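Just below is one structure, and these are the notes that go with it.
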Amino acid sequence: MIELENVSKTFGGQVALSNVSLKVERGDMAFITGPSGAGKTTLFKLLYLADKPDTGTITIAGCNAADVKSSYIPLLRRNIGVVFQDFKLLNNKTVYDNIALTLRIRGFMEREIKERVHSVLKMVNLRHKVDNYPLTLSGGEQQRITIARSIVGEPTVMLADEPTGNLDEENEKEIMRIFKQINAKGTTILIATHNRMLYKNTARKVFTLETGQLKDEEEE
Ligand SMILES: Nc1ncnc2c1ncn2[C@@H]1O[C@H](COP(=O)(O)OP(=O)(O)OP(=O)(O)O)[C@@H](O)[C@H]1O
Ligand SMILES: [Mg+2]
């Protein structure tokens, strides 16, 4: 479902990824960890086709990234739910409109949109915040809205970049509960995190990056 083969990426002289190969099977939930600057966000940008590798092959949701025409990228992205490190919520739109946006672009009927938005908000326990604006929500609540937005289109793959950054333990647990639920419904998930607590004792695949290089795989 997600595969990198010998992927390298540099910015100027700065190596962000060096000869990285990894594979996440369909239906798996896997983690990618490593210190700040290790290359996690860069790897996600390549998977989301927001940038291109210098060398190597990337396959996501059944497509070879190099073969995807730029006009097809928005269509492919419908299969990829993304939780960005910096939320990227639209602050001048309500929670409802933030989540509905992607469905509106795709031409869904408002009735279907309403059903879906309420269903994902229920999943993240924030139905009562449907009419709020993002800046009136706590960091943890904004993070959960971001997750709701990423799954409302029912993607086959989900990429979550530091989804619990700056959250307390209670919110971390809540977010991991949501991810497990999404994964149990069949979505393949890759989570980038500094936080060992998220994958400790989960028996999931953990990839460790250090200055752009993948360390040997381990299971925790
Ligand atoms: N657009 C860019 N231009 C120049 N250098 C970049 C760019 N994007 C990333 N880098 C560099 O690539 C390296 C990897 O950055 P990246 O953002 O992937 O790290 P990260 O693992 O996500 O870190 P963090 O845990 O802090 O989010 C860093 O050295 C960074 O400075
Ligand atoms: Mg990052």
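The values are calculated or read from the model by the stated rules, or taken from the named source; none is laboratory data. Quick caveat: nothing in here was measured; it's all calculated off a predicted structure. Here the Cβ is made from the backbone with ideal geometry for all residues, glycine too, and neighbour counts use every protein chain on show. Calculation scope for accessible area: heavy atoms of the full protein, side chains included, ligands and nucleic acids excluded. Shrake-Rupley method; radii C 1.70, N 1.55, O 1.52, S 1.80 Å.
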Checklist entry - So which helices (runs of 4 or more DSSP H) are wholly in region 33-148 and hold at least 1 residues that are surrounded by 17 or more Cβ atoms within 10 Å (Cβ to Cβ) and within 16 Å of ligand 1 (Cβ to nearest atom)? => result 40-47
Item to check | Boolean, M197 is out of contact with any His (no Cβ under 6 Å at 6 or more places or on another chain), more than 16 Å from ligand 2 (Cβ to nearest atom), assigned to a helix (DSSP H, G or I) and farther than 23 Å from L89 by Cβ | outcome: yes
Item to check | Qualifying positions in region 156-185 - open to solvent by 10 Å² or more (accessible area, probe 1.4 Å) and assigned to a loop (DSSP other than H, G, I, E, B) | outcome: T156, E162, G165, N166, L167, D168, K185
Checklist entry - On the given criteria, is I191 without any contact (Cβ under 8 Å) to a residue 60 or more places away in the chain, buried (at least 21 other Cβ atoms within 10 Å of the Cβ) and not assigned by TED's automatic domain parsing to the domain that holds S119? => result no
